[in-house]
Amino acid sequence: MDALIQGLCDESRVLEALNVMRDATVDFGFCSTKKSYETLIRGLCEDEKLEEALKLQAEMVGKGFKPNSEVYHAFISGYMKQGNKEVAERLKIEMLDAQMCGNGD
């Protein structure tokens, strides 16, 4: 399933990939992986759909997956694209703090 999600995201079909993951979860009992979440969050951030990415990150954390540097970098890039340097800088600090405390990658 991760390969399908990755392929759709690579083709800029992120919302379709998100729907595939949701449908597979409901219809087939698919358990979303950390990689699935990371791929979708990165794709949503690249498309500047940060609100959706934040919701997905909250879901990811709720399932016990901690954001790693890939997730942080996706959000930082997304906020920089939008010109929101203040939030991007706060996320950089948060990421560094999490890595120093052993909560990152």
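Observations
- Residue list for the range 11-25, restricted to those being closer than 18 Å to Leu50 by Cα, assigned to a helix (DSSP H, G or I) and either more than 15 Å from the chain's Cα centre (by Cα) or of a type in the set (D, E, K, R) (or both): Glu16
- Residue check for Leu40: modelled with pLDDT of 95 or more, assigned to a helix (DSSP H, G or I), within 13 Å of the chain's Cα centre (by Cα) and buried (at least 21 other Cβ atoms within 10 Å of the Cβ): yes
Yes/no matrix, rows are residues, columns are (1) at pLDDT below 95; (2) within 13 Å of the chain's Cα centre (by Cα); (3) outside any helix (DSSP H, G or I):
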{"site": "Asp27", "(1), (2), (3)": "yes, no, no"}
{"site": "Ser32", "(1), (2), (3)": "yes, yes, yes"}
{"site": "Lys35", "(1), (2), (3)": "no, yes, no"}
{"site": "Pro67", "(1), (2), (3)": "yes, yes, yes"}
{"site": "Met80", "(1), (2), (3)": "no, no, no"}
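- Answer from Ala58, Ala74, Ala98 - the residue that is farther than 22 Å from Leu4 by Cα, at pLDDT 95 or above and part of a helix (DSSP H, G or I): Ala58
- Listed by first and then second residue, the pairs linking a residue in the range 44-55 that is surrounded by fewer than 18 Cβ atoms within 10 Å (Cβ to Cβ) to a residue that is of a type in the set (Val, Ile, Thr) and assigned to a helix (DSSP H, G or I), with Cβ atoms under 6 Å apart and 6 or more places separating them unless they lie on different chains, are Asp47/Val14.
The values are calculated or read from the model by the stated rules, or taken from the named source; none is laboratory data. Remember, it's a predicted structure, so these values are computed and weren't measured experimentally. Here Cβ is always computed from backbone atoms with ideal geometry, including for glycine, and neighbour counts include all displayed protein chains.
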